[in-house]
1. I need the calculated FRET efficiency for the pair residue B:145 and residue B:38, taking r as the beta carbon distance and R₀ as 22 Å, to the nearest 0.05.
2. Given R₀ = 35 Å, FRET efficiency for residue A:155-residue B:5 by Cβ-Cβ distance, to 0.05?
3. Taking each residue in B:96-103, count the Cβ atoms of any other chain within 10 Å of its Cβ, then average. What number comes out?
4. How tilted is helix B:12-24 with respect to the longest principal axis of chain B? Cα atoms for both, answer in degrees (0 to 90, nearest 10).
5. Could you please report the charge total around residue B:226, scoring K, R as +1 and D, E as -1 over all other residues with beta-carbon less than 9 angstrom from its beta-carbon?
6. Which net charge results when you count Lys and Arg as +1 and Asp and Glu as -1 among the other residues whose beta-carbon is under 12 Å from that of residue A:157?
7. Quick one: which of B:86-97, A:23-34 comes out on top by average Cβ neighbours within 10 Å, and what's the full order, highest first?
8. Quick one: order B:201, A:203, A:42 by neighbouring beta-carbon count within 10 Å, fewest to most.
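What follows draws every value from the coordinates through simple rules; no lab data is involved. These numbers come from a predicted model, not from an experiment. When we count neighbours, we look across all protein chains shown, and the Cβ atoms used for this are built from the backbone with ideal geometry, even at glycine.
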Protein chains: 2
Amino acid sequence: MSLTAQPSGLTPSTEDYLKTIYRLGLDGSPAQTSAIAESLSIAPPSVSGMLKRLSETGLVEHVPYHGVTLTRVGHHAAIHVIRRHRVLETYLATKLGYDWDSVHEEAERLEHAASDELIERMVMALGNPQYHPHGAPIPTKDGRMETPECVPLTDIAVGELVELRMVSDKNPERLRYLSSLELKPGISFEVMSRQPFRGPINIRFVGSAGQEHVIGYELARSLFCDVLGNAAG
Amino acid sequence: MSLTAQPSGLTPSTEDYLKTIYRLGLDGSPAQTSAIAESLSIAPPSVSGMLKRLSETGLVEHVPYHGVTLTRVGHHAAIHVIRRHRVLETYLATKLGYDWDSVHEEAERLEHAASDELIERMVMALGNPQYHPHGAPIPTKDGRMETPECVPLTDIAVGELVELRMVSDKNPERLRYLSSLELKPGISFEVMSRQPFRGPINIRFVGSAGQEHVIGYELARSLFCDVLGNAAG
DNA sequence: ACTGAAATTTAGGTAAGCATAACTTTCGGA
DNA sequence: TCCGAAAGTTATGCTTACCTAAATTTCAGT
């Protein structure tokens, strides 16, 4: 009994920090202390303290007052956690009937407790999936992640025909709302019109029904799409 | 993200203590500090400290120098953890192809992270099982546990015909060994002979093959059986 | 009843992770 | 260039949960 050490050898808290620093660093710039603090709902001084420890263990490169980046080791560990998280989400949604919008919270806890063996067994049971239910890519076991060339809906011009690939939102309410509109990965639609000044975007589903929806700018920023072509063409 | 609090509201450590105190108190006597310490691989003074905290939160009744028992609340929490543990073990073995002997370690970690919703979804997927792969009963959602009237193999007389119900051992090597002898819950055998002074016990499987095995006393203590009747009768 | 070994608790210390309050650094704008 | 707000860090303290060493309590055997 006991031996409640994490399979990864890292603490849950450390894994959460690595994931967050990874995500905030995706644009190429170092992650800021305050952004990490906000993302994890932790006070900034606590983050400073943690960054010091992470830096000492060689997981991150911290330049005081100038943000933090992952080392090669830290990057690898972050990808590993993200793989676990996304496999768990996929498994929960596919095999255990979880709603599309409620898997995140459960996976957030299990990702720290699940061994690699469990994750690989789930991958096998799922038939080696490439994408998870929100459309995000699942990193491979050896730490590579295909980054599909998709673009936020806010960057797509009127008249374009697109396929929704990925919804990068963690708010269950918003996910539920999108789900209620049938805005799930895989669906195709056309951008009908756009209001200026970060205004809402009008879309129409491809197909017989051809329902129209108005999407607020904020929400549209988290809808990533593949461009299929111009509807007029 | 973050919000890595346990679904139960109790810390993993607390849950481990409650499980252990439950198990050690099954014989009706209070659990001793040193027994808890040994079971959890923790130094006795650490256990004393933890018992104080558990006592203050009302989960246990601790009489210093005289052992500890679970309060009603603590008992309920312990059963809850055991249910989670056994459902997880059953699910891992049944649905994800885990070996009979390797589920324990994985369940030991997941039991602290799995929400009630996950556990109930697993129960549904399994078709509401009554027993887990080692034969131990799974407590019901409302905290009741059928205690089958089974007896350790060491208490069974020569000539009795029994069915193996439950293997209460956590050592993977021993479990593997039993597995290799086909000594799994559900199998029936007859007690052929017994050596005195805690000596080994000779058994023969019921059926065409009728293989015989010699079981050491220590091992036999963890094999719990239902008595089916007298083979000679 | 007493005594000594075993069991247990108390005393004091460490590390991880959080917090708040106070200080320091950075950087844009006058 | 300098100044002040914002961002970040240091200082300090808390809780959980572990440790070792030193006291204390219990209890069996005389």
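1. 0.35
2. Calculated transfer efficiency: 0.40.
3. 2
4. Value to nearest ten degrees: 40.
5. That sum, taken over residues with Cβ under 9 Å, equals -1.
6. Once positives and negatives cancel, what remains is -2.
7. B:86-97, A:23-34
8. Lowest count first: A:42, B:201, A:203.
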